[in-house]
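These notes concern the structure reproduced below.
Coordinate-derived values only; no laboratory data. These numbers were taken from a predicted model, which means no experiment stands behind them. Note that each Cβ is placed from the backbone with ideal geometry, even for glycine, and that neighbours are counted across all protein chains shown.
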């Protein structure tokens, strides 16, 4: 993250004792990144977090590539990717490369167990549904169009409400962070950025849970998920301080750019990581130059692209509530019949666009949700 936060009870100086009211001391836990060279936070806990009753195998989550024999554009219906369970069991991987994996998740129940990705950052985007994101750093309430950025090593779980849920879930090898070009030399958002510190929601820390018993954390490293059974509740944090923590950003708080002629999609970037750029496409004025091209130009760029068309403000949108995977092998742009007749109108689409540098590989999960006729959609 880009700025320092404090929550709960902490000592005046780091690496010093925080005494308990009735004697003894709280346990200080260092949550760091990039081998002590990146953002970090210190958490203060009732119980020693390294205590483990036992370790048990849980599952493996291999990414099975779909080797179709061709490289083409795809349109995929996320409604056909539904799996049941909590945030771990309900995720369906759709595409991946060495830098990231892209899944659709539809959690339909809460789980007593917690989850920790020990190897990769995770970025959630809430397509539909409301609920609570609960972590050792506190609580975030989520709803449609929320991004939730979760640093690797954080312990968390999703408590969904009763309505249907759908989420995009990105796991990344590199750190997820706001685009560097929108921050100054001390990490502060510049005034020309698409959002600012005021738009970021930080977890609110409530009372700690001091319970003994058996508590499970599903820990994911690569394809292997292991159950760690602890003898005390994971949410026993009385305070934390630092610049590494989960946080939320709602797409409706992102301010779009517009120009007299078309702008490149990366102007709408909200997050970046090694090998990928995440952009929020929000309603904005179309170009208003009298001779402006009536839509974005057809483009064939040196990256693959995943676009999830989330919602519209009323206009008819081709492929709404679908995700497309556009490959560097084939150019693409506006479909015939969707040209804009005159300049100055509004784009009414909400969408999440991810530009990915290294070639993507679809998984076999995408096969039943894919429309094989889509490559001819521009005829």
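Potential lengthening of the chain between residue 185 and residue 50 amounts to 44.9 nm, from the contour at 0.36 nm per residue minus the alpha-carbon distance.
Rg and Dmax of segment 1-94, based on Cα coordinates, read 22.1, 68 Å.
If R0 is 56 Å, the Cβ-Cβ spacing of residue 16 and residue 89 corresponds to a FRET efficiency of close to 0.85. The orientation-averaged shadow of the Cα convex hull for segment 127-174, equal to a quarter of the hull surface, comes to 3.5 nm². For the chain, DSSP calls about 95 percent of its internal beta bridges antiparallel. Between segment 277-312 and segment 129-151, how far is it from one alpha carbon centroid to the other, in angstrom? If you average the Cα positions of each part, the centres end up 28 Å apart.
Summarised in one figure, the compactness ratio Rg/Rh of the chain, Cα atoms and Kirkwood Rh, is 0.99.
Across 95, 243, 79, mean-square fluctuation computed from a Gaussian network of the chain (C-alpha pairs under 10 Å connected) peaks at 79. Just so you know, the Cα atoms of segment 1-157 work out to an Rg and Dmax of 19.2, 68 Å. Translational diffusion of segment 111-268, estimated by Stokes-Einstein from the Kirkwood radius over alpha carbon pairs at 4 °C in a medium of 1.567 mPa s, is 75 µm² per second. For the options 191, 33, 90, a Gaussian network treatment of the chain with springs between C-alpha atoms closer than 10 Å singles out 191 as fluctuating the most.
Start at zero, step by 5 Å, and the Cα-Cα distances of segment 163-233 spread as 3, 10, 11, 11, 16, 16, 15, 11, 6, 2, 0 percent across the bins. Note on segment 256-376: percent of Cα-Cα distances in each 5 Å bin, starting at 0 and stopping at the bin with the largest distance, equals 2, 10, 18, 24, 22, 14, 6, 2, 1, 0.
Under the criterion of Cα pairs below 8 Å and six or more residues apart, the relative contact order for the chain equals 22 percent. Compared with the direct C-alpha span, the chain from residue 67 to residue 299 gains 81.0 nm at full extension, assuming 0.36 nm per residue. Residue 212 versus residue 60, label points 7 Å from Cα toward the beta carbon: distance in nm? In this crude spin-label approximation the distance works out to 3.9 nm. Once the Cβ-Cβ distance between residue 329 and residue 112 is put in as r, and R0 is 45 Å, what FRET efficiency do you end up with, to the nearest 0.05? For residue 329 and residue 112, the calculated efficiency is 0.50.
Separation of segment 187-245 from segment 74-127 is 18 Å, based on Cα centroids. Note on residue 233 and residue 312: the model spin-label points, each 7 Å out from Cα along the C-beta direction, lie 4.7 nm apart.
Of all the options 27, 142, 245, the one that moves most in a Gaussian network model of the chain with Cα springs shorter than 10 angstrom is 27.
Could you list the residues of segment 70-102 with an amide nitrogen less than 14 Å from a label point located 7 Å from the Cα of residue 367 in the Cα-to-C-beta direction? Under 14 Å, as judged by backbone N against the label point of residue 367, lie 70 of segment 70-102.
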